[in-house]
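S.K.: Sharing a structure here in structure tokens format.
What follows is calculated from the coordinates using simple rules that are stated; it is not laboratory data. For clarity, every value in this text was computed on a predicted model and none was experimentally measured.
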Amino acid sequence: MRLRRAVRHGVRLRALPVRDSKLPTGPVLAVPAAAFSAFVEGVKGGQPSA
């Protein structure tokens, strides 16, 4: 299931596929959903990421 479709249908993903937008058919890094959420919240709060 594509990510946009999964989000639209409320599917909970265990991992989020991340790739270079300049290489849309390139390799994917699967980031655990909880780790990605923590990263996003840290960025929103102005925390640097280590």
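S.K.: Please compute the length gained on full extension between Ala34 and Val18, using 0.36 nm multiplied by the number of residues separating them and subtracting their Cα-Cα distance. List each step's numbers first, then the result.
M.R.: Working: separation 16, 0.36 × 16 = 5.76 nm, distance 1.40 nm.
Answer, rounded to one decimal: 4.4 nm.
S.K.: Calculate one ³J(HN,Hα) per residue across the range 24-40 by plugging θ = phi - 60° into the Karplus curve 6.51 cos²θ - 1.76 cosθ + 1.60, and present them in order as whole Hz with x for glycine and proline.
M.R.: Per residue, the Karplus-derived 3J(HN,Hα) values read x, 9, x, x, 10, 9, 8, 9, x, 4, 5, 5, 5, 4, 5, 4, 4 Hz.
S.K.: Please list, in chain and number order, the residues 5+ apart from Leu16 or on another chain whose amide H is under 5 Å from its amide H, with Hs placed from the backbone.
M.R.: Long-range HN contacts for Leu16: Val31, Ala33.
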